[in-house]
Ligand code: PMV
């Protein structure tokens with residue numbers, strides 16, 4: 001059985017969402033596909049390697065198998081993973097592989113899980129691996145669409161986007177960096193988070209011109225809280241000279257920057273669309 005789930009893009013609200021502010025997040029049309037076949041033992045085949053249950057190489061998939069086995073005992077499975085979503089780039093590859101794995105397992109072993117149950121299990125897996133998580137990524141991967149968090153208010157986004165990949169980075173380290181800055185200057189950082197909150201709430205009501213201005217403002221605020229870098233600033237200023245408005249998406253320090261696609265994109269960038277469909281079964 002083959003299941004697939006989408007990645008995600010945080011448009012506005014990264015970091016401030018950790019401190020109770022709003023974020024605007026959308027599923028994107030890059031998907032992770034997982035094929036599950038009953039077997040006598042456990043085998044996980046992905047671009048990261050071929051392993052058994054391996055919590056180092058394949059932590060999300062291994063914990064997904066473990067969590068699923070707690071509900072339905074299984075003696076073995078072969079999982080083949082293919083993904084369009086770049087890893088460690090803030091585009092939700094970990095949640096997508098987790099959600100697609102749970103769906104493929106539930107279909108292959110005829111133990112039906114509702115989308116709500118898949119989401120709840122995927123959230124547990126995220127906590128198993130990361131220790132702390134907001135649950136936004138598994139939610140988006142399961143249900144698709146664009147949403148304001150934490151209320152889970154669905155919104156329509158009339159734009160396509162381009163994403164420009166930088167390099168891999170650790171979300172955990174960037175979140176810690178902001179936490180340290182906040183400890184030293186909480187009265188300042190709280191005001192910046194409030195400004196980002198206003199952006200996340202305003203953006204879904206905006207046309208493309210205002211939306212691009214908000215991109216520009218939010219990037220300046222992300223820079224202010226220390227998650228940009230001289231290299232990223234330089235790249236952004238090159239793209240701005242070419243007429244684009246871009247900001248980091250996700251934890252920063254690397255990952256990706258994105259902008260609205262208006263018929264023109266930086267040469268190296270990929271176009272992504274807001275994706276309505278969440279996890280689904282694919283034809284074999
Ligand atoms: O880069 P990502 O996709 O891991 O996103 C991190 C988003 C943060 O707001 C920085 C952290 C969080 O848990 O919301």
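Does the stretch 8-26 hold any residues that are under 17 Å from residue 176 (Cα atoms) and either out of contact with any strand residue (DSSP E or B) (no Cβ under 8 Å at 6 or more places or on another chain) or more than 9 Å from the ligand (Cβ to nearest atom) (or both), and which are they?
15, 18, 19, 20
Counting only residues that are in a loop (DSSP other than H, G, I, E, B) and in contact with a helix residue (DSSP H, G or I) (Cβ under 8 Å, 6 or more places away or on another chain), which one in the stretch 132-155 is farthest from residue 260 (Cα to Cα)?
The residue in question is 133.
Which condition breaks for residue 172 when tested against (1) surrounded by fewer than 19 Cβ atoms within 10 Å (Cβ to Cβ); (2) at pLDDT 95 or above; (3) touching a helix residue (DSSP H, G or I) at 6+ places or on another chain (Cβ under 8 Å)?
That leaves (2) as the condition not met.
For the stretch 147-178, enumerate the residues that are free of Cβ contacts under 8 Å to residues at least 60 places away in the same chain and within 12 Å of the ligand (Cβ to nearest atom).
If the condition is that a residue be free of Cβ contacts under 8 Å to residues at least 60 places away in the same chain and within 12 Å of the ligand (Cβ to nearest atom), then 172, 176 are the ones that fit.
If I go through the stretch 255-268 residue by residue, how many of them are farther than 16 Å from residue 159 by Cα and surrounded by fewer than 22 Cβ atoms within 10 Å (Cβ to Cβ)?
3
Only residues that are in a loop (DSSP other than H, G, I, E, B) and more than 16 Å from the ligand (Cβ to nearest atom): list them for the stretch 85-131, please.
Result: 109, 110, 111, 112, 113, 114.
Can you pull out the residues in the stretch 179-191 that are farther than 10 Å from residue 19 by Cβ and part of a helix (DSSP H, G or I)?
180, 181, 183, 184, 187, 188, 191
Looking only at the stretch 74-83, decide whether some residue is more than 16 Å from the ligand (Cβ to nearest atom) and under 17 Å from residue 13 (Cα atoms).
Looking through the stretch 74-83, none of the residues is more than 16 Å from the ligand (Cβ to nearest atom) and under 17 Å from residue 13 (Cα atoms).
List the number of the failed condition for residue 140; all other conditions in (1) within 12 Å of the ligand (Cβ to nearest atom); (2) over 15 Å from residue 101 (Cβ atoms); (3) modelled with pLDDT under 95 hold.
Only one criterion in (1) within 12 Å of the ligand (Cβ to nearest atom); (2) over 15 Å from residue 101 (Cβ atoms); (3) modelled with pLDDT under 95 is unmet by residue 140, namely (3).
Looking at 30, 79, which one is within 26 Å of residue 150 (Cα to Cα), modelled with pLDDT of 95 or more and assigned to a strand (DSSP E or B)?
Of the residues listed, the single one that is within 26 Å of residue 150 (Cα to Cα), modelled with pLDDT of 95 or more and assigned to a strand (DSSP E or B) is 30.
Among the residues that make up the stretch 51-58, is at least one of them in a strand (DSSP E or B) and farther than 26 Å from residue 149 by Cβ?
Checking the stretch 51-58: at least one residue is in a strand (DSSP E or B) and farther than 26 Å from residue 149 by Cβ.
The values are calculated or read from the model by the stated rules, or taken from the named source; none is laboratory data. Just so you know, these numbers come straight off a predicted model, no measurement behind them. When we count neighbours, we look across all protein chains shown, and the Cβ atoms used for this are built from the backbone with ideal geometry, even at glycine.
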